[in-house]
Structure formats: structure tokens, C-alpha cells
Amino acid sequence: MKRNVVIKITNIQSEGGHSENHEVTTKGTFSGDENDYTLEYVELFDERTKCNTTVRVVNKKTVTIVRVGDFNSEFIIEQNNRHNCHYETPYGEFMLGIYAKSVESVMTEKGGTLRMSYTIDFYAGLASENEMTIEFSVI
């Protein structure tokens, strides 16, 4: 059963001693249980660019983020593993390496929090270190 939720996403990206913090709040849906669940929402990049985004959590330790729309991508964030992932931009398509240092998922009956710490590499060179937190609460 899908339930309506408010989703808050915070992403801190660090590269070369410089950090950027991005935060967005949106509405979406939640389905599943505390170990395996799916969040779905529309991600707006600007007034003309959007993607349908699906975040799937499996066994609390593997997260797949799929974007379909104006920019398509698929990220696999699995604790203590590295995956080559597809990333599409207006300038072309890329393969990125994503290594997850940690994935933590905590659920309650009113919502949950998903925290991920991971690195992104491009052509085997470190591109950035990332901390992403997705908090959601049932409406």
C-alpha cells in the first residue's frame, strides 16, 4: 500500500576542500516495510526540467536511485561496495563509480531516515565525497 509522505533531502558534497549543501523538500509516496521500501517523487531541476525519481532500499544496506525524465540516471549505493553507475546530463552521458562507506536506515510508523555516505569517482579519480540524508514522514 502506498502512503503519501513529505520528503526532505539534504546532500553535502565536498571536493577539493570546498563543500556545497543542497536541500529540497517535496511530496511523494512510500511503500514497503522497515527493511525493504520505495520512495517515489518528482524531482524539479528548474521550471522546465524534471525527473520521476525512485529510491529503493533493500535489506537496509543497498539503495538504488533511478531518475527517468529529462535526465536519466541510475545509482547503486551499497555499503562497502563500489558500483559503476549511469549518469546523464544536458552535456552527455557518463559512467561514475560510487563507493558507499555507510548506509543507515531507521524507520518508525510515522516515517523514517535514510543516511548514506559515499564517494564518487570519475575515470578512477576521486570527484567528490557525499553525505545524503533522506527524511520522510507520513502525511
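The values are calculated or read from the model by the stated rules, or taken from the named source; none is laboratory data. Since we're looking at a predicted model, the values are computed, not measured. Neighbour counts run over all protein chains shown; Cβ positions are idealised from the backbone, glycine included.
Of all residues in the stretch 27-62, those satisfying the criterion of being under 26 Å from Tyr91 (Cβ atoms) and surrounded by 15 or more Cβ atoms within 10 Å (Cβ to Cβ) are Tyr41, Glu43, Lys50, Cys51, Thr53, Thr54, Val55.
Exactly one condition in (1) modelled with pLDDT of 95 or more; (2) outside any strand (DSSP E or B) is not met by Tyr41; state its number. The single condition Tyr41 does not satisfy is (2).
Each residue in the stretch 101-123 was checked for being at pLDDT 95 or above, under 16 Å from Ile134 (Cα atoms) and of a type in the set (Lys, Arg), and 1 pass. Can you find a residue in the stretch 13-25 that is under 19 Å from Glu135 (Cβ atoms), in a strand (DSSP E or B) and touching a Cys at 6+ places or on another chain (Cβ under 8 Å)? Checking the stretch 13-25: not a single residue is under 19 Å from Glu135 (Cβ atoms), in a strand (DSSP E or B) and touching a Cys at 6+ places or on another chain (Cβ under 8 Å).
Scanning the stretch 1-19 for residues that are within 24 Å of Thr119 (Cα to Cα), modelled with pLDDT under 95 and either exposed (fewer than 13 other Cβ atoms within 10 Å of the Cβ) or among the hydrophobic types (A, V, I, L, M, F, W, C) (or both) turns up Gly16, Gly17, His18, Ser19. Taking first residues from the stretch 27-39 that are at positive phi and partners that are at pLDDT 95 or above and among the polar types (S, T, N, Q), the Cβ contacts under 6 Å between residues at least 6 apart in sequence or on separate chains come to Gly32/Thr38.
Screening Phe71 with (1) under 16 Å from the mean Cα position of the chain (by Cα); (2) closer than 22 Å to Asn21 by Cα; (3) in a strand (DSSP E or B) gives one miss only, at (3). Restricting the stretch 70-84 to residues that are without any contact (Cβ under 8 Å) to a residue 24 or more places away in the chain and either more than 16 Å from Ser117 (Cα to Cα) or β-branched (Val, Ile, Thr) (or both), the residue that is surrounded by the fewest Cβ atoms within 10 Å (Cβ to Cβ) is Asn84. For the stretch 47-57, the criterion of being among the basic types (Lys, Arg), more than 16 Å from Glu129 (Cα to Cα) and in contact (Cβ under 8 Å) with a residue 24 or more places away in the chain is met by no residue. Here are some residues: Glu34, Glu40, Glu47, Glu23. Which one is within 15 Å of the chain's Cα centre (by Cα), acidic (Asp, Glu) and more than 30 Å from Leu126 (Cβ to Cβ)? So the residue among Glu34, Glu40, Glu47, Glu23 that is within 15 Å of the chain's Cα centre (by Cα), acidic (Asp, Glu) and more than 30 Å from Leu126 (Cβ to Cβ) is Glu40. The residues of the stretch 62-101 that are of a type in the set (Phe, Trp, Tyr) and over 13 Å from Tyr123 (Cα atoms), listed by number, are Phe71, Phe75, Tyr87, Tyr91, Tyr99. Note on the stretch 44-59: residues that are aromatic (Phe, Trp, Tyr) and part of a strand (DSSP E or B) amount to 0.
Of the residues contained in the stretch 86-100, none is found to be under 15 Å from Ile134 (Cα atoms), aliphatic (A, V, I, L, M) and either surrounded by fewer than 14 Cβ atoms within 10 Å (Cβ to Cβ) or out of contact with any Gly (no Cβ under 8 Å at 6 or more places or on another chain) (or both).
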